[in-house]
Amino acid sequence: MASFCFKLLQRAGWVLAAVLILSLPASAQRNFQGGLHLMLGFPMGEFGDNVDKVGLGLSGEFLWSPRTAPLSLGLSLAGLMYGSETRREPFSPGIPDVTVEVERNNSIILFHGLVRVMPKSGALRPYAEGLAGFSYLFTQTAVRNLGGFIGGNEVASSTNLDDLAFSGGAGAGLMIRVYEGQRDRQGQNIFIDLRGRYLWGGEAEYLTEGSVSIVNGEVFYDPDRSRTDLLLILLGVTGEF
């Protein structure tokens, strides 16, 4: 799990770096926002009946708005892990004195276009938003060398099952300004951002903890299929450029 979270942090960092780079040419206009958030995901409905774990993940976003209108258009990319299993095994029957770590993660990638309504000024900015896109659910098993906190090097990996589903929903939140600087006579604002989102997910096939069994060297899968609704709670930092 630690190695998965480290990879997720890396990818979210790339998203945030891209946001900042794309924002620089228009910094004097303050028409752009970019944010990075920690995220908790609560499976709901049929999905919650099959998954009894709260997911943990990261979300990055990039938005553009007209200079005066309280409307923003953007993209949101998020990764969420809703289950993990780890065991140690001999590297091979012929090399029983070398041990590796086998890690299986159940994950969701969420990609949405979004429309947000929010005031253009003020230290406190409540907002509402609508989202439409898709969710990609997948289970991946990886073999790693035994390492430190962030895990060892990956030796091999395989996707056990994956599926794609429509995802759409609505959210609301509050931005609290904690910094206002000056550059080229324009303020550069930094906000603490707290929000909730409810996503209605289409039907998908997915694995959960305990859905994979190995008997006499043969792998058996017992997937579930249902709608994939999620309640998301996000806390992070958003910059206005």
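The values are calculated or read from the model by the stated rules, or taken from the named source; none is laboratory data. What you are looking at is a predicted structure, and each value in this text was computed from that prediction instead of being measured. Cβ placement follows ideal geometry from the backbone for every residue including glycine, while neighbour counts extend to all protein chains displayed.
Summary of computed values
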{"quantity": "Residue tally, condition outside any loop (DSSP other than H, G, I, E, B) and surrounded by fewer than 17 Cβ atoms within 10 Å (Cβ to Cβ), over segment 51-74", "calculated": "3"}
{"quantity": "Odd one out for ASN160, checked against (1) within 19 Å of the chain's Cα centre (by Cα); (2) under 22 Å from ASN50 (Cβ atoms)", "calculated": "(1)"}
{"quantity": "Selection within segment 197-228 - assigned to a strand (DSSP E or B) and loosely packed, with under 12 Cβ neighbours inside 10 Å", "calculated": "SER213, ILE214, VAL215, GLU218, VAL219, PHE220"}
{"quantity": "Tally, over segment 113-134, of residues that are touching a Phe, Trp or Tyr at 6+ places or on another chain (Cβ under 8 Å) and in contact (Cβ under 8 Å) with a residue 60 or more places away in the chain", "calculated": "1"}
{"quantity": "Residue among ASP163, ASP184 that is at pLDDT below 80 and of a type in the set (D, E, K, R)", "calculated": "ASP184"}
